[in-house]
Amino acid sequence: MTITCKGLLEKHSQAWHQATVHPFLTMCQSGTIERKQFNIWLVQDYLFVIEFTRFVARVLANAEIHHFDILLSGLNALKDELIWFKAKAQERQLNLSASPQATCSQYCKYLELLADMPYGVQVTALWAIELAYNQGWQLPGTMPEPYAEFAARWGNQDFTKYVQLLEQLADEVLSTADETIQLRAESAFLEIASFEKDFWSMAIAII
Ligand code: MP5
């Protein structure tokens, strides 16, 4: 039987719920998150996005030509996002040369591991990573300032459309992938769900 992105979400709904519905996000929504906790997430996420950009470039290098447009639009958005992160850090007077925390560096190392995996696994992983933020920032509903801007970045309709297009790419490749690749894509999905949960937890563990 062929797996699909929707099938993965249904089969592993609990793992996915933990990745996308987290106290970090509910605390942003209720305005109870400490500034220090939010700032830790911001700096660590910037460090993650640098490695994620490298990962997307590797996925593009393996992609079928008719997938280029969508992947290139993702890379283009990452260019703006890295600039935006720097602006947000400057507003908050944060040092972006901080070291990655263990959770961040383990997630980044996993992105490097994905570099050696087949394209079907990579594109499924890319979809899952983007969906985690799309749903995570959307699900709590309206966020108060200063978090509304962050929720809008990953929760907006254009980003939702981009994630839907990634789902189509992943489903297309998975539909003809052999069983080994499908199983590896499923493992990658579960790894990512777990890393996403841990990433939120990392930021609020400090206080
Ligand atoms: C994303 C992110 C989404 N920024 N951080 C984590 C830990 N997971 C997913 O990636 P992007 O490039 O910000 O859309």
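The values are calculated or read from the model by the stated rules, or taken from the named source; none is laboratory data. Keep in mind that what you see is a predicted model, and the values were worked out from it rather than measured. Here the Cβ positions follow ideal geometry from the backbone for every residue, glycine too, while neighbour counts run over all protein chains shown. Quick note on the areas: whole protein, heavy atoms, side chains included, nothing else; ligands and nucleic acids left out. Shrake-Rupley method; radii C 1.70, N 1.55, O 1.52, S 1.80 Å.
Here is how the numbers come out for the structure above:
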{"read-out": "Residue selected from the range 83-106 under the condition assigned to a helix (DSSP H, G or I), closer than 23 Å to ASP198 by Cβ and open to solvent by 40 Å² or more (accessible area, probe 1.4 Å), by the criterion nearest to the ligand (Cβ to nearest atom)", "value": "GLN106"}
{"read-out": "Enumeration of residues in the range 62-74 that are within 12 Å of the ligand (Cβ to nearest atom) and not in a helix (DSSP H, G or I)", "value": "none"}
{"read-out": "Answer from VAL59, VAL49 - the residue that is crowded, with 19+ Cβ neighbours inside 10 Å, within 13 Å of the ligand (Cβ to nearest atom), part of a helix (DSSP H, G or I) and at pLDDT 95 or above", "value": "VAL59"}
{"read-out": "Scan of the range 160-207 for residues that are touching a residue at least 40 places away in the same chain (Cβ under 8 Å), open to solvent by 20 Å² or more (accessible area, probe 1.4 Å), out of contact with any Cys (no Cβ under 7 Å at 6 or more places or on another chain) and within 16 Å of the ligand (Cβ to nearest atom), ordered by number", "value": "TYR162, LEU165, LEU190, GLU191, SER194, PHE195, LYS197, ASP198, SER201, ILE204"}
{"read-out": "Residues that are open to solvent by less than 70 Å² (accessible area, probe 1.4 Å) and either among the basic types (Lys, Arg) or not in a helix (DSSP H, G or I) (or both), drawn from the range 144-159", "value": "PRO144, PRO146, TYR147, ARG153, ASN156"}
{"read-out": "Index of the failed condition, ALA77 passing every other in (1) loosely packed, with under 10 Cβ neighbours inside 10 Å; (2) small (Gly, Ala, Ser); (3) part of a helix (DSSP H, G or I)", "value": "(1)"}
{"read-out": "The range 108-139, subset in contact with a Gly (Cβ under 9 Å, 6 or more places away or on another chain) and not acidic (Asp, Glu), residue farthest from LEU71 (Cα to Cα)", "value": "LEU139"}
